Amino acid sequence: MCLVAAPHIPSRLIAEKSVYWQLMHKTKLLKVYSCVHCAEVEVGTTTPKIRGCKKSSFHHWVCLGERGLDKYVCQSCGIKVNIYGTPSTEGCSVGKTHTWNKV
Ligand SMILES: [Zn+2]
Ligand SMILES: [Zn+2]
């Protein structure tokens, strides 16, 4: 007899996974961008418009990651972002890199 057992996944994990998928489905195309010059934060599906920077001729956007439920604040420039996972340290307007603290 060939017995193929279904993979044993605890129901708790299945529930967590479906919540995760719902969240990712809603937010999958939304990314968080921050300007290297003025530290403005924008959320969108594509890189925001470069006009309107207060500190330079144009915004210089850096993608920090996908929008999610984890909140981080940068110790150097003070911006707050909602990110899935860990935000990129690239493009801090004050320090060379963002120093993220999870809130
Ligand atoms: Zn800017
Ligand atoms: Zn920063």
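Scan region 33-49 residue by residue and report those that are more than 8 Å from ligand 1 (Cβ to nearest atom) and either part of a loop (DSSP other than H, G, I, E, B) or not small (Gly, Ala, Ser) (or both).
33, 41, 42, 43, 45, 46, 47, 48, 49
What number of residues in region 39-53 are within 18 Å of residue 80 (Cβ to Cβ) and either within 16 Å of ligand 2 (Cβ to nearest atom) or in contact with a His (Cβ under 9 Å, 6 or more places away or on another chain) (or both)?
5
Which condition from (1) β-branched (Val, Ile, Thr); (2) more than 14 Å from ligand 2 (Cβ to nearest atom); (3) farther than 14 Å from residue 29 by Cα is the one that residue 89 breaks?
Unmet condition: (2).
Just one of the numbered conditions (1) without any contact (Cβ under 8 Å) to a residue 12 or more places away in the chain; (2) among the polar types (S, T, N, Q); (3) within 16 Å of ligand 1 (Cβ to nearest atom) is not true of residue 89; which one?
(3)
Rule-based calculations on the coordinates, nothing more; no lab input. What you see is a predicted model, and the numbers here were worked out from it, not measured in a lab. Here the Cβ is made from the backbone with ideal geometry for all residues, glycine too, and neighbour counts use every protein chain on show.
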